[in-house]
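The numbers here are math on the coordinates, done by the rules we state, and not lab data. Remember, it's a predicted structure, so these values are computed and weren't measured experimentally. When we count neighbours, we look across all protein chains shown, and the Cβ atoms used for this are built from the backbone with ideal geometry, even at glycine.
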Amino acid sequence: MAGGFFAELKRRNVLRAAVLYIGAVWALAQGIAQLGPEIGAPEGATRWFLIAAGVGFPLWLMLSWRYELTGSGLKLESEITTADLATRKSHNRRTDLVIIAVLAVAVVLLLTDRVVEHVEPQAAAPAPALPVDSNSIAVLPFDSGSNDSGQQAFSDGLSEGFIIALAQIKGLRVINPKSSFQFRGSEDDDRTIAAKLGVSHLLEGTVRRLGDTVRVSATLIRASDGSTLWADSFDRPYKDLFALQDAITAQVAAALKAQLLPKPQATQQGDRPPSGNLDAYDAYVQARLVGVTDAGKALELYNRAITLDPDYGVAYAWKAFSLVDAVAGGGVTGKDAEKFLKDADIAAAQAIRLAPNQAAPHIARGWLLVTRDFNWKEGEAELRKAVELAPDDGDALYQLGVVRAGQGDLNQAIDLTRRALKINPLDANWYRGLAAYLMPSGRLDEARQAINKAIELEPKALYNHYLLAVIELLRKDPAASRKAAEAEPEGAWRDFALALAAQVGPDRPAADARVNALIRSYPEGWAMQIAQVYAVRGEPDAMFQWLDKARAARDPGMTLLHYDPLLLRYRDDPRYAALARKVGLPWPAATSAPVAATPAVAGAPAPRTTGPASP
């Protein structure tokens, strides 16, 4: 019976009709897929066509069962005459030829699609990157900050002046402005622009007209990691634009020449007083030994050294550094902090004037610029100058690591800190810094090893067990965190450590009481630490309120935004990025390599609210 039904399908040409239908649908689908985008057809046109064709296929088979195309036209099967049967064979041959033609068209379209598919990626392949010369630079058009054509012309002229001056430096390849000026307003990052131009360095900046004064800021960037090698700003009268351009060009060219071209050897370093006064030197050495353990005593000794030898530039430098560090460590707040930073500015300026080729003055000024002004570019440039002058100076390496960490480059910060510790393996403060960089990188075992080393070196020092308490929270061990907090010496850091540990326990009234006590006891100078407590509590709105207070007070803790493991829980909140930008930090982080996700705080409540971005 099945054989009889198949024979009947064949006799009525249903099979031919089915093949013709399928071939035509296939060919049309290929055509729609290839030509649809060119004529603006909807993205799903081919899919809907195939669905419609599938619905129509049974209807087509029913029609082909009941009707047949004859020489006299379309007829019902019951109406076919003997004359129609006589011509059926020739009609079938024509139908076969049509089927072959339709299938041929479908195959051609399919092959065309495959050829185009394989050719197009080759045509779209990006051009290979230009070879990079280590002593090469492109000057990008300086931003005039104005739509005024005169201002833009001056800005472009200034940029071209830099190019002409830099081209005179032997051994330095400088990109023509026709190429570098193509990146005006480009959204590409520095590394991409440098790769396209085949250079290792970029010079960029801004030009602003402020009444009768022109302010020009310039920054030299190393493309490989986006770090700042040199930065400075210049204020000059607007009276003579050409003289202004020449003066700034000369200074920038000199600075670039010093930064880019290799030096025969590092500058000879020393900490002896210029007068050779042994009493001054003795006071200086004692001050260095006292260090951060007794800032007041250290400052007293530095002042004694300076009194005995007023030209003692290195003593001025470390006095400035100690003043800044006292503020950064939270020991000095409010009006006292303002005075300390003002005195540090005066001391750092004296140090630069008296000992410009020593690393210490640049370390002090770099730390001041970052801590007081959140001026990351110029601060980093000063610290790189210190490393350039003294490549084996542990203080220079460590402080440069602090600045790189502040900008989110934790990998380089860890590397610089480990290099510093090879030079001075007994500096407990540097181990504390290393632990701080390892925590947000997810390297908690290494962080605990680092802080345990700091505790071994300085068992009674502040901040050691506070950091250990944070590490234990991240390791999901609240009991160990509380034990570490209890071991912190009496004072603010112990109070904050205990408050953090309390937030992850079941006793919510005790946790609330700890927070309220902190707010009463530390009304100023500790806004950053209160924000950390609210982060652990899972209350981002309160956390951001306290971070805004810290920013308004220019709290040095704001320099930790890129690597504080407690705050980074909210890094994806738009308010976090806005806050970072307000204190001059790059966002996203200026990393040289990916950094691990911040470990979750053990037992911390889930975030309760997510408010709008800060204005």
Return the FRET efficiency for the residue pair LYS342, ALA52: r is the Cβ-Cβ distance, R0 is 56 Å, and the value is rounded to the nearest 0.05.
-> 0.10
By per-residue mean of other Cβ atoms within 10 Å, what is the highest-first order of 543-554, 485-496?
-> 543-554, 485-496
Those residues of the range 162-198 whose amide nitrogen sits under 14 Å from the label point placed on PHE234, 7 Å along Cα→Cβ | 162-166
So how compact is the range 448-552: Cα radius of gyration and Dmax in angstrom?
-> 13.5, 39
For LEU229, enumerate residues with amide H under 5 Å from its amide H, sequence gap 5+ or separate chain, H modeled in the peptide plane.
-> LEU220, ILE221, ARG222
Vicinal HN-Hα couplings computed from phi for the range 184-196 (Karplus, 6.51 cos²θ - 1.76 cosθ + 1.60; Hz; Gly/Pro x) = 4, x, 5, 8, 5, 7, 4, 5, 5, 4, 4, 5, 5
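Of the cross-linked pairs LYS196/LYS377; LYS339/LYS549; LYS319/LYS422; LYS453/LYS549; LYS339/LYS385, which ones have a Cα-Cα span greater than 30 Å in the structure shown? Walk me through the intermediate numbers first.
Working: LYS196/LYS377 24 Å; LYS339/LYS549 20 Å; LYS319/LYS422 25 Å; LYS453/LYS549 34 Å; LYS339/LYS385 27 Å.
Over 30 Å Cα-Cα: LYS453/LYS549.
At a 10 Å Cβ-Cβ cut-off, how would you order PHE321, PHE374, fewest neighbours first?
Details: PHE321 26, PHE374 18.
Least crowded to most crowded, the residues run PHE374, PHE321.
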Rounded to one decimal in nm, the spacing of the 7 Å Cα→Cβ label points at ALA18 and ALA195 is 5.5 nm
So how do 377-385, 276-284 stack up, highest first, on mean other-Cβ count within 10 Å?
-> 377-385, 276-284
Could the peptides 520-527, 391-398, 309-316 be put in order, highest first, of the mean number of other beta-carbon atoms found within 10 Å of their residues?
-> 309-316, 391-398, 520-527
Virtual spin-label span in nm between GLU300 and GLN168, 7 Å along Cα→Cβ | 5.5 nm
Expected vector for the range 425-433, Karplus 3J(HN,Hα) from phi with 6.51, -1.76, 1.60 and θ = phi - 60°, integer Hz, x for Gly and Pro, equals x, 10, 8, 5, 4, 5, 5, 5, x
Could I have the simple spin-label model distance between ASN277 and ASP212, label points 7 Å from Cα toward Cβ, reported in nm to one decimal?
-> 4.3 nm
Could you state the number of Å between the C-alpha centres of the range 410-435 and the range 456-476?
-> 16 Å
From phi via Karplus (6.51, -1.76, 1.60), per-residue ³J(HN,Hα) for the range 137-142 in Hz, x at Gly/Pro = 8, 10, 9, 7, x, 5
Please list the non-local residues whose amide H lies under 5 Å from the amide H of GLY198, H modeled 1.01 Å from N, same-chain partners needing a gap of 5 or more.
-> LEU130
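What whole-number volume per residue, in cubic angstrom, does the convex hull of the C-alpha atoms of the range 266-391 give?
Per-residue hull volume (Cα only) is 92 Å³.
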